[in-house]
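Structure, as structure tokens:
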């Protein structure tokens, strides 16, 4: 476990230290659970009440709240951002050594950069190109001619099909599948005729992809994930989708084929977006909404109904089936009234 | 295939045998499809009609229905529970021998209990602790310092990150990912800044986790799954969620960060639960509901609308957009009436 | 990259060539992005506007539109079907050589057909039967006694449990899990008692299964997927479900236990279907609908609400909770009017 004096911490996050510069901390914790060897933070004024009781050895705090805490403090403009920086400093995961494990299967026709780590049971196919400082976890599979940019890490058991391009400083979590066939079939009198998926997937820099998420390859052109996109677990991204820069997509969301999503959008969890739509920049979709038409204006959008107890819900849901008829009856009453 | 006399079966399930104690059965089947070498059961009176025609060699039945069946029968208080016990007796899967396969990669710094089975291509990292009688399937990955309790079984291709604690007598199905990073990022003017996830995952005893389910590690503290929880396939459990004892979660459900769910809840399939909520004990959520606020009382809760044909649905769904306006117009009519 | 003269292409798709029979093409592209070495297609008249500007070397076109394009053309009755056929011709993926990789673990008790490819790190258990020309990708796991029909391909990191039967000419994408335990438990006073799942999974011929999709084994009898079914990514198919011939299921859909779905159905993405239902042939379910009762007639069915901006949605969703009461008030007004 690494230890830092508050003086060192202040330098790491460019904070203004008030208190004992030699005080040593070795971890991060919330105000409620912190002990004296922890550094904590307050990012939301609703937690102000915990400032008087926290045992934290020091607190990241902004100028507006600084007077409310009497202990060691580091004043920063954005405490949450400072906390995020410190999570990297205090991360305890031991990175694998730069070495190719003898139990990996690596093609002689792959181009391997410097300082690479390849875990046991990983399979690197012909023509793969790995940039410097890439980490390929145990059991990962990289198909032929796939390229991975510098400093990108694949956690164990990631599958990347052939001909995929992944940028630098990305993080792919276990079980994600990049480049499987898009769901394309032509209906015929004999059943479905497969449309072989000839496009690829292009993933930019600093993209994070969650566990068991799927990003399909394009039909003719590529599926594209731009720089800085973050994608949670179990997300489905169909063929030829394009996701704009710095958009965030929460868990269990599904985006159908050829839809283009702008930059800086936030798509909440379990959202469905049908195919061939265009979603503008800075659109926010709330949880479990279904998007069936393009969105041209930034803003927040929703569908669905509010939860109630099941007994009342049954009655209301039954009435939903009569809603158009109810609207017509209401209109009739209003008209009769006017006569 | 194992065979048992009805006398032996009666002992296994503590049942009262009426009929031929030497009759031999070698499998289980439903009343409709049973043959004479099968034992069957009736757990729900709606299937009473099949009692007169079933070919089953014997039936598990409760006292109330016993007179309706004339063949060999085993009278028990809870036929469904007795059937569940017999599924273990008649299970045909051959458990792997307690041995470490030569094609596994096992760290010398791992602590391996007695009677362990580790399949081919499994990777056991430094500091892993495996209790007695643990079974690790082919291709599983266990990260550094992860602990697995006695009698727990991981089916093939399970991924467990570093520092995770899993209790005893658990069953984890293929493709599940335990301990991937929670979806935590701080927004900055340059895009998303990763919040490294420093917490872990703690899973109790007798927990079953479905195929391709994801349980993320906590941000600072741990994600917690208590004893006896059962989780189906493709479920997303985000960072710092807590699931109480004996709660059941069906397939494709997603639970967002820091939500605390009580014990003995039943969450149906494809449910969405947003973050930072508290759900009381013994709450039931019906299929595909969205839960956006805490639930303080036991009971059944729902959201969504009832299915109709698409033509009518389109009309009703369009009216939903006018619902607040309709409510105001209705109120106006009522008021005008009173004047 | 393979090249074909238009004369050869015409023979491959049985088309009527108008133009230069010696013109050579080496790939497929959409009208908008095609270059002169590409062949393109028009399947939908809305894209007619691109015919005058496309740079494609030739176009697949039907007789009705043929006069609208002046360049090389191949007249066919169904251009989309012809395009689908050509995607196979121009597919660039290099199939693995028929060989068992030395890093695979193959039981001596498995029966291996002719012309088989088994990738590195694949595990083939005792009693497995592989038909001729089967391709097993890297890292796949096949449990004991599983059977795979001729010409079926498993992409890397597929998991198939014991005793599963998969037909011929199927394609299974990475991360899918076939034959995990159905979610069956008996409630007892001590918690959930596992019902061991003694059934299997039977998959017909020409079935495609998407990445990270799960198909559970049956409780006593089998889960059944009939010939020609196509299933997208991240789909959950629970125990004892039956899916009829040529039905298509889009991504993120969940089908609960024992539901029987007819043939030639199209289930859109993120649909939920509860257990123990019967769905007729040729039923279409629109995206993110919840199906809670059996459907006896072919046709299109839906549930859910239409998207609006979140502010309006909040008001309407709140009114949904009053819908039954509103309906009663409306009826009262109508009755009072009549008096």
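The values are calculated or read from the model by the stated rules, or taken from the named source; none is laboratory data. Keep in mind that this is a model prediction, so the values were computed, not measured. Because the Cβ atoms are built from the backbone with ideal geometry, glycine has one as well, and the counts that use them run over all protein chains shown.
Among the residues of the stretch C:35-44, those identified as touching a helix residue (DSSP H, G or I) at 6+ places or on another chain (Cβ under 9 Å) and either farther than 30 Å from residue A:163 by Cα or at pLDDT 95 or above (or both) are C:39, C:40, C:41, C:42. For the stretch C:1-29, a residue qualifies if it is in contact with a helix residue (DSSP H, G or I) (Cβ under 8 Å, 6 or more places away or on another chain), assigned to a loop (DSSP other than H, G, I, E, B) and surrounded by 14 or more Cβ atoms within 10 Å (Cβ to Cβ), and the qualifying residues are C:15, C:19, C:20, C:23.
Would you call residue B:209 more than 12 Å from chain A (Cβ to nearest Cβ), over 30 Å from residue C:126 (Cα atoms) and touching a strand residue (DSSP E or B) at 6+ places or on another chain (Cβ under 8 Å)?
So residue B:209 does not fit the description; no.
Among the residues of the stretch A:85-104, those that are under 20 Å from residue B:125 (Cβ atoms), within 11 Å of chain B (Cβ to nearest Cβ), at pLDDT 95 or above and surrounded by 13 or more Cβ atoms within 10 Å (Cβ to Cβ) comprise A:101, A:103, A:104.
Among the residues of the stretch C:229-244, how many are more than 7 Å from every other protein chain (Cβ to nearest Cβ) and more than 21 Å from residue A:272 (Cα to Cα)?
Final tally of qualifying residues: 7.
Okay, residues lined up against (1) more than 10 Å from chain A (Cβ to nearest Cβ); (2) touching a residue at least 40 places away in the same chain (Cβ under 8 Å); (3) more than 20 Å from the chain's Cα centre (by Cα):
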site	(1), (2), (3)
B:268	yes, no, no
B:271	no, no, no
B:279	yes, no, no
B:289	no, no, no
B:323	no, no, yes
B:331	yes, no, yes
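When you check residue C:150 against the structure, is it modelled with pLDDT of 95 or more, closer than 22 Å to residue B:83 by Cα, out of contact with any strand residue (DSSP E or B) (no Cβ under 8 Å at 6 or more places or on another chain) and more than 7 Å from chain B (Cβ to nearest Cβ), yes or no?
Here the answer is no, as residue C:150 does not meet what is asked.
For residue C:81, the conditions (1) within 14 Å of chain A (Cβ to nearest Cβ); (2) under 25 Å from residue B:175 (Cβ atoms); (3) surrounded by 18 or more Cβ atoms within 10 Å (Cβ to Cβ) are fulfilled apart from (2). Taking the numbered list (1) in contact with a helix residue (DSSP H, G or I) (Cβ under 7 Å, 6 or more places away or on another chain); (2) surrounded by 19 or more Cβ atoms within 10 Å (Cβ to Cβ); (3) within 12 Å of chain C (Cβ to nearest Cβ) in turn, residue B:32 passes all entries but (2). Taking the stretch C:309-321 as the search range and keeping residues that are touching a helix residue (DSSP H, G or I) at 6+ places or on another chain (Cβ under 7 Å) and either at the interface with chain A (Cβ under 7 Å from one of its Cβ atoms) or in a strand (DSSP E or B) (or both), which one is nearest to residue C:266 (Cα to Cα)? Applying the filter and picking the extreme gives C:320.
Selection over the stretch A:221-239 of residues that are surrounded by fewer than 24 Cβ atoms within 10 Å (Cβ to Cβ) and in a loop (DSSP other than H, G, I, E, B) gives a count of 5. Just to be sure, is residue C:74 within 21 Å of residue C:33 (Cβ to Cβ), crowded, with 24+ Cβ neighbours inside 10 Å and in contact with a helix residue (DSSP H, G or I) (Cβ under 7 Å, 6 or more places away or on another chain)? Here the answer is yes, as residue C:74 does meet what is asked. Would you check which residues across the stretch B:44-61 are within 27 Å of the chain's Cα centre (by Cα) and buried (at least 18 other Cβ atoms within 10 Å of the Cβ) and list them? B:60, B:61, listed by residue number. Within the stretch B:32-47, is even one residue free of Cβ contacts under 8 Å to residues at least 12 places away in the same chain and not in a loop (DSSP other than H, G, I, E, B)? Checked the stretch B:32-47: at least one residue is free of Cβ contacts under 8 Å to residues at least 12 places away in the same chain and not in a loop (DSSP other than H, G, I, E, B).
Residue C:74 - would you say it is away from chain A (no Cβ under 14 Å), under 27 Å from residue C:26 (Cβ atoms) and not in a helix (DSSP H, G or I)? Against the criterion (away from chain A (no Cβ under 14 Å), under 27 Å from residue C:26 (Cβ atoms) and not in a helix (DSSP H, G or I)), residue C:74 qualifies. Take the conditions closer than 21 Å to residue C:235 by Cβ, in the same structural domain as residue A:158 (by TED's automatic domain parsing) and over 15 Å from the mean Cα position of the chain (by Cα) and apply them to residue A:241. Does it pass? Yes; evaluated as a whole, the condition is true for this residue.
Being more than 21 Å from residue A:166 (Cα to Cα), surrounded by 21 or more Cβ atoms within 10 Å (Cβ to Cβ) and touching a strand residue (DSSP E or B) at 6+ places or on another chain (Cβ under 9 Å) narrows it down to one of A:309, A:316, so name that one.
Values: A:309 fails: surrounded by 21 or more Cβ atoms within 10 Å (Cβ to Cβ).
When all the criteria are applied, what remains is A:316.
Each residue in the stretch B:245-265 was checked for being more than 8 Å from every other protein chain (Cβ to nearest Cβ), in contact (Cβ under 8 Å) with a residue 24 or more places away in the chain and in contact with a strand residue (DSSP E or B) (Cβ under 6 Å, 6 or more places away or on another chain), and 0 of them qualify. Reported count of residues in the stretch C:191-206, each being in contact (Cβ under 8 Å) with a residue 24 or more places away in the chain and at the interface with chain B (Cβ under 8 Å from one of its Cβ atoms), is 2. Among the residues of the stretch A:291-306, those that are more than 8 Å from chain C (Cβ to nearest Cβ) and either out of contact with any strand residue (DSSP E or B) (no Cβ under 9 Å at 6 or more places or on another chain) or surrounded by fewer than 17 Cβ atoms within 10 Å (Cβ to Cβ) (or both) comprise A:294, A:296, A:297, A:298.
Yes/no per residue for (1) in contact with a helix residue (DSSP H, G or I) (Cβ under 7 Å, 6 or more places away or on another chain); (2) surrounded by 19 or more Cβ atoms within 10 Å (Cβ to Cβ); (3) part of a loop (DSSP other than H, G, I, E, B):
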| site | (1), (2), (3) |
| --- | --- |
| B:139 | no, yes, yes |
| B:144 | no, yes, yes |
| B:157 | no, yes, yes |
| B:162 | no, yes, yes |
| B:175 | no, yes, yes |
| B:183 | no, yes, yes |
| B:187 | no, no, no |
| B:192 | no, yes, no |
| B:197 | no, yes, yes |
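For the stretch A:115-144, the set of residues classified as out of contact with any strand residue (DSSP E or B) (no Cβ under 6 Å at 6 or more places or on another chain), under 16 Å from residue A:161 (Cβ atoms) and more than 9 Å from chain C (Cβ to nearest Cβ) consists of A:127 only. Annotation note: Cβ proximity below 6 Å between a residue of the stretch B:92-113 that is free of Cβ contacts under 8 Å to residues at least 12 places away in the same chain and a residue that is assigned to a loop (DSSP other than H, G, I, E, B) (sequence gap 6+ or interchain) occurs for B:93/C:162. Anything in the stretch A:246-304 that is assigned to a loop (DSSP other than H, G, I, E, B) and touching a helix residue (DSSP H, G or I) at 6+ places or on another chain (Cβ under 9 Å)? List them, or say none. Residues satisfying the conditions are A:286, A:289, A:303, A:304.
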